[in-house]
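Have a look at the structure below, then the notes.
The values are calculated or read from the model by the stated rules, or taken from the named source; none is laboratory data. Keep in mind that what you see is a predicted model, and the values were worked out from it rather than measured. Cβ placement follows ideal geometry from the backbone for every residue including glycine, while neighbour counts extend to all protein chains displayed. For accessibility, only protein heavy atoms count, side chains too; no ligands or nucleic acids. Shrake-Rupley method; radii C 1.70, N 1.55, O 1.52, S 1.80 Å.
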Amino acid sequence: MRSTLFDYEWQFLIQMTTRINYCETYPEICNTFLQQIRTLIPYGRGVVFQAGRASGRVLLTSPISTEYADDRSSHNFFIEGKYPHWDEFVMLPYSSVFRQSDIIQPGKWEKTRVYRDVWQPKGMFWGLFTALVHKDVPLVVLGIQREKSLNDFSDRDIYIMNTLKDPLERKFFSLFEDRRISSGDGGDRIFKTSAGFGLTKRETEIVSLICAGKGSDEMCQSLFITHATLSKHLSNIYSKTNVKNRTQLFALFL
């Protein structure tokens, strides 16, 4: 798929990615995405779900939406209901972008219960979704919707989301991985030991990734830093902990 963006649109994408990279929590990332993407892709309603798999089915939880906080009717239907052919995209081993009209023809879509019960009462008809999956592990599903009177999401809109999906995938994976590490006993021990040596937050993140068996490339991708920056952080960590290499560092923390 080929599409052309203006220079100012590319600049906005870069700025948007930077803003998202600075976010530290799941709600913060979701809200930043929903607010920022509207500048490039106009839409009516948006929602983000954390994704998983259970018993061979997609499991959606933790909705963050542009709707009022107490309006959870559509959230529950997303979570508990059955969307036609969704699994074919969300169960893929890699991230993907798809329109509602790509998976079911508009005429058939109007006859579905989910459209009649959820979308139609809210005045929504067209949908554009991004399923973020890291190495066959579902992360989140991002969705935006438009009214029927407007045009369907275009190839340009898909191009923009395809441009964003890789940095979004890395950001969400990094967030969930850090949460997993910090929730375990090993994570608690790492943070306590790091505090004792006076390590900064970023230095502690690097130690956690080393203890999780990550290589330099994975750490740079996860933290969105260069190899030179990583080397500088490692040098500071070695100096503060009085070790000479990663093996000694691993032994010190675990």
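When only alpha-carbon atoms count, how far does region 94-139 stretch along each of its three principal axes, as whole angstroms with the largest first?
So the extents along the principal axes, rounded to whole Å, are 36, 18, 14.
In whole angstrom, and with the biggest value first, how far do the Cα coordinates of the chain range along each principal axis?
So the extents along the principal axes, rounded to whole Å, are 67, 44, 31.
If each DSSP helix of 4+ residues adds -39,500 (n - 2.57) and the sum is divided by the residues in the chain, what number results at 222 nm, nearest 500 deg cm²/dmol?
Theoretical 222 nm ellipticity from helices: -16000 deg cm²/dmol.
Under 10 Å, Cα contacts only: if you run a Gaussian network model on the chain, which one of Pro121, Pro27, Pro138 comes out with the highest mean-square fluctuation?
Highest fluctuation of the listed residues: Pro121.
For the chain, what does the accessible surface come to per residue with a 1.4 Å probe? Please give it in Å².
51
Using heavy-atom solvent-accessible surface (probe 1.4 Å) with all chains present, what is the largest-first order of Lys201, Lys165?
Numbers: Lys201 120, Lys165 35 Å².
Sorted by accessible area, descending: Lys201, Lys165.
For an R0 of 45 angstrom, estimate the FRET efficiency from the Cβ-Cβ distance between Asn151 and Asn242 and round to the nearest 0.05.
0.10
Could you check how much of the accessible area of the chain is carbon and sulfur, as a whole percent, using a 1.4 Å probe?
Numbers: 6630 of 13080 Å².
Ligands and nucleic acids excluded, carbon and sulfur reach 51 percent.
Just need the relative contact order of region 119-238 here, percent rounded to a whole number, with Cα pairs under 8 Å and 6+ apart.
18
Which value, in Å to one decimal place, does the Kirkwood hydrodynamic radius take for region 101-222 when every pair of different Cα atoms is included? If you can, show how the numbers build up before the last one.
On the way: mean 1/r = 0.0566 Å⁻¹.
After inverting the pairwise mean of 1/r, the radius is 17.7 Å.
Compute a Gaussian network model of the chain, connecting alpha carbons closer than 10 Å, and tell me which residue from Phe197, Phe125, Phe173 fluctuates the most.
It is Phe197.
Once you put a point 7 Å from the Cα of Ser216 and another 7 Å from the Cα of Lys135, both along the Cβ direction, what distance in nm separates them?
Result: 1.9 nm between the two label points.
Could you sort Met16, Met91 by their accessible area in this structure, using a 1.4 Å probe and putting the largest first?
Met91, Met16
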